[in-house]
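Asker: Here it is: the structure, laid out below.
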Amino acid sequence: MRLPDLKSQIYKLLVSDRLKLLTAIAHSLQNDLRSRPPVPEDIVDRMTGLLKTDTTPPTELLKSRS
């Protein structure tokens, strides 16, 4: 079913059925948003040194935040 067709059908449902539909959609979104790929065990080792530079860090940014 296409989205415009689905939207038009929603208004034909009883309020209680629309609430059940809303709950089902919310649960499906929670499940999709929670499922993330696992973090590799060596992520810290792989990220170590990523932000290192050959120069000293700028001091202007540090002074303006305090």
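Residue by residue, here is whether (1) open to solvent by 100 Å² or more (accessible area, probe 1.4 Å); (2) more than 16 Å from the chain's Cα centre (by Cα); (3) at pLDDT 95 or above holds:
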site	(1), (2), (3)
M1	yes, yes, no
L6	no, yes, no
Y11	yes, yes, no
S16	no, yes, yes
K20	yes, yes, yes
D32	yes, no, no
S35	no, no, no
P38	yes, no, no
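Asker: If you don't mind, there's one more thing I want to ask. Return the residues of the stretch 1-58 that are β-branched (V, I, T) and either assigned to a helix (DSSP H, G or I) or touching a strand residue (DSSP E or B) at 6+ places or on another chain (Cβ under 7 Å) (or both); say none if nothing qualifies.
Answerer: Within the stretch 1-58, the subset β-branched (V, I, T) is 10, 15, 23, 25, 39, 43-44, 48, 53, 55-56.
Result: I10, V15, T23, I25, I43, V44.
The values are calculated or read from the model by the stated rules, or taken from the named source; none is laboratory data. Everything numeric in this text was worked out from a predicted model, so none of it was measured. Glycine also receives a Cβ, built like all others from the backbone with ideal geometry; neighbour counts cover every protein chain displayed. Please note that ligands, DNA and RNA were not included when accessible areas were found on the heavy atoms of the full protein model with its side chains. Shrake-Rupley method; radii C 1.70, N 1.55, O 1.52, S 1.80 Å.
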